[in-house]
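Q: Could you have a look at this structure, given as structure tokens, before my questions?
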Amino acid sequence: MKSNKSANEMGWNFDNSYARLPASFFVRQDPVPVKAPKLMILNEPLAVSLGLKGQALHREEGVAVLAGNQVPKGACPLAQAYAGHQFGQLTMLGDGRALLLGEQITPSGARFDIQLKGSGKTPYSRQGDGRAALGPMLREYIISEAMHALGIKTTRSLAVVTTGESILRETELPGAILTRVAASHLRVGTFQYAALGGNVEELRILADYALQRHFPERTHDENPYHALLQEVVKGQAALIAKWQLVGFIHGVMNTDNMSISGETMDYGPCAFMDAYDPETVFSSIDLQGRYAYGNQPKITGWNLARFAETLLPLLHLDPSEAIRLAQEAISEFPRLYHAHWISGMRAKLGMFGEENEDEALIEGLLQLMQKYHADFTNTFRALTFHSFEETNLFGDSEFSQWHALWQARLSRQPEPTDSAHQLMRNTNPAIIPRNHRVEAALEAAVKRGDDSVMMRLLDVLAKPYAHTGEQAEFAQLPLGSVPPYRTYCGT
């Protein structure tokens, strides 16, 4: 495939540092062209921040790049190799339907991966067709942008392009390609792949690359590989705490879906929890609840242990000392996670400072929410505005007793009531991507070709802490009884 020189007029400014790693980490390959690409949605603010010219991306040559029909000058398309524990089973994997075009260097000097998802078969596709359906690509666009607006580290979505081709799943579906933007696509699974290869020098090169790209300030540590492990542990502790604080359930926390950079990545069967229940599972394939909401911190610790195992040859020449260093680093995860979580929960309840009974107060509320099937997001929104509608939770004497304890806690802090209220407003979102709202947007876009429902949803999700009247409509739960919500891997 020839490079499209005019694509440089769009603002593409590629470097290809990943392509300079040993050849075992990737396969160079151009995207497979599609029949009739059409731009479905473009993230204009993100394009500007990347140094891209949105107007040019709307034109035919711009859409051709986003569809994989043209490769921009300076890009070096490749499929990345990685492994991963999928539901606990280690498997050799790789980009089976995605290609890294290269790394966009922004006007500020930042570096971001630009990846096409659904761009055709690669050597890692196994039995797959390398394509993606429109619904799952729009779903990733909606959820990832909502996560960004919530202040949670995440890969982002630049565009979705329809291909003019159908793909066959259970039924025939319209095809699409998502352009994903990431700090990098380095995964725990990337390191597992390197470790399985048994080449310690290549593992060292990968670790040095990850350090230089994401934690350059730690490259000169006495033991930089121990520092790498520490930084990944810290990043995941902060990330998973933020997931828990908004009721986000990833759904498929395999090690190949854990980013070294600390971003949320690979949105498949993810969703946001309505009624609070730690056992909530949405994924149709998670039959044992391995990745349930309440298990996410524990699974993260398990994944980090797998990451630490890959680094053992680099941590120390003495195997027993390497294991000690690894255990030392990963043993910090529970403490770091808990510190982020309880700090966030205090903020959600308007509490400044620390008191010994804070955790009991927080757990008391969560137990009541679970007992009375209270909505997670709306309960905290109601507490923020003291707007207690007639629900099983708010009408119960147990809640009244808890509320009195909470008010007493707030009365003991020197900060004024207005400050506590503002803290809660800034911490408790008015809205999340409600499952029924996301499904309605996808149905309109995919089945009727109507993107207006999705665009309105994206508009209100962009400012989740604004607490506007329009958002109140989108905070409502679905009317009547609804069957248990199920999500599926977007294949």
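The values are calculated or read from the model by the stated rules, or taken from the named source; none is laboratory data. Since the structure is predicted, the reported quantities are computational estimates derived from the model, not experimental observations. Please note: Cβ atoms are built from the backbone with ideal geometry, for glycine as well, and neighbour counts cover all protein chains shown. For the accessible areas, the whole protein counts, side chains as well, though only heavy atoms, and no ligand, DNA or RNA atoms are used. Shrake-Rupley method; radii C 1.70, N 1.55, O 1.52, S 1.80 Å.
Q: Remind me, relative contact order of the stretch 408-479 in percent, using alpha carbon pairs under 8 angstrom and six or more residues apart?
A: After rounding, I find 38 percent.
Q: Before I look further, what does the stretch 1-110 give for accessible area per residue, probe 1.4 Å, in whole square angstrom?
A: Per-residue value: 43 Å².
Q: At 1.4 Å probe size, put Met454, Met40 in order of accessible surface, largest to smallest.
A: Met40, Met454
Q: Whole Å is fine, so just give me how far the alpha carbon centre of the stretch 7-70 lies from that of the stretch 428-474.
A: Taking the Cα centre of the stretch 428-474 as reference, the centre of the stretch 7-70 is 27 Å away.
Q: When only Cα pairs under 8 Å and 6 or more residues apart are kept, what is the percent relative contact order across the stretch 155-304?
A: Worked out over the stretch 155-304, it gives 20 percent.
Q: Using a probe of 1.4 angstrom, how much of the accessible area of the chain is carbon and sulfur, in percent?
A: 52 percent
Q: Let me ask you something else. Put +1 on the Cβ of every Lys and Arg and -1 on every Asp and Glu Cβ in the chain; which of Gly88, Ser452, Pro31 then has its Cα farthest towards the positive end of the dipole?
A: Pro31
Q: Only helical DSSP H runs with n ≥ 4 go in: add -39500 (n - 2.57) per run for the chain, normalise by residue count and round the 222 nm mean residue ellipticity to 500 deg cm²/dmol.
A: -13500 deg cm²/dmol
Q: Please state the charge dipole magnitude for the stretch 26-173, taken about the Cα centre, from unit charges on C-beta atoms (+1 on K and R, -1 on D and E), reported in debye and rounded to the nearest 20.
A: It comes to approximately 140 debye.
Q: Would you mind calculating the gained length between Leu317 and Ala444 on full extension (0.36 nm times residue separation, minus the Cα-Cα distance), in nm to one decimal?
A: Taking 0.36 nm per residue and subtracting the Cα distance, the gain is 39.9 nm.
Q: Okay, moving on. Need one word for the chain: rounded, prolate or oblate. Basis is the Cα gyration tensor (sqrt eigenvalues a ≥ b ≥ c); a/c below 1.5 gives rounded, then a/b vs b/c decides.
A: Note, shape of the chain comes out oblate.
Q: Out of Gly118, Tyr276, Ser144, whose Cα points farthest toward the positive end of the dipole of the chain (charges: +1 Lys, Arg; -1 Asp, Glu; placed on Cβ)?
A: Toward the positive end, the furthest listed residue is Gly118.
Q: Which one of Ala329, Thr427, Val232 is farthest out on the positive end of the charge dipole of the chain, using unit charges on Cβ (Lys, Arg +1; Asp, Glu -1) and the Cα centre as origin?
A: Val232
Q: For every other residue with a beta carbon closer than 10 angstrom to the beta carbon of Ala67, add +1 if it is Lys or Arg and -1 if Asp or Glu, then tell me the sum.
A: +2
Q: Could you grab the relative contact order for the chain? Cα pairs under 8 Å, six or more apart, rounded to a whole percent.
A: It comes to 14 percent, rounded to a whole number.
Q: Same structure, new question: With every protein chain present, what accessible area does Lys242 have (1.4 Å probe, heavy atoms only), rounded to the nearest 10 Å²?
A: Looks like 90 Å² after rounding.
Q: Right, something else. Label the stretch 19-175 by shape, choosing from rounded, prolate and oblate, from the square roots a ≥ b ≥ c of the eigenvalues of the Cα gyration tensor; if a/c is under 1.5 it is rounded, and otherwise prolate applies when a/b is larger than b/c, oblate when it is not.
A: rounded
Q: Leaving ligands and nucleic acids out of the surface, order Glu222, Glu44 by accessible area at 1.4 Å, largest first.
A: Ranked list, largest accessible area first: Glu222, Glu44.
Q: A further question follows. Where the only charges are on Cβ atoms (+1 Lys, Arg; -1 Asp, Glu), what is the dipole of the stretch 184-307 about its Cα centre, to the nearest 20 debye?
A: With only Lys, Arg, Asp and Glu charged at Cβ, the dipole is about 80 debye.
Q: Quick one: the Cα spread of the stretch 203-248 along its three principal axes, in angstroms, biggest first?
A: Result for the stretch 203-248: principal-axis Cα extents of 37, 18, 15 Å.
Q: Between rounded, prolate and oblate, where does the stretch 352-436 land on the alpha carbon gyration tensor, with a ≥ b ≥ c its root eigenvalues, rounded for a/c under 1.5, else prolate if a/b exceeds b/c?
A: Verdict is oblate for the stretch 352-436.
Q: Let me ask something else about it. With every protein chain present, what is the per residue accessible area of the stretch 179-323 (1.4 Å probe, Å²)?
A: Per residue, the stretch 179-323 has an accessible area of 33 Å².
Q: Mind checking the dipole of the stretch 24-70: about its Cα centre, +1 per Lys or Arg Cβ, -1 per Asp or Glu Cβ, Debye to the nearest 20?
A: Computed charge dipole of the stretch 24-70: roughly 60 debye.
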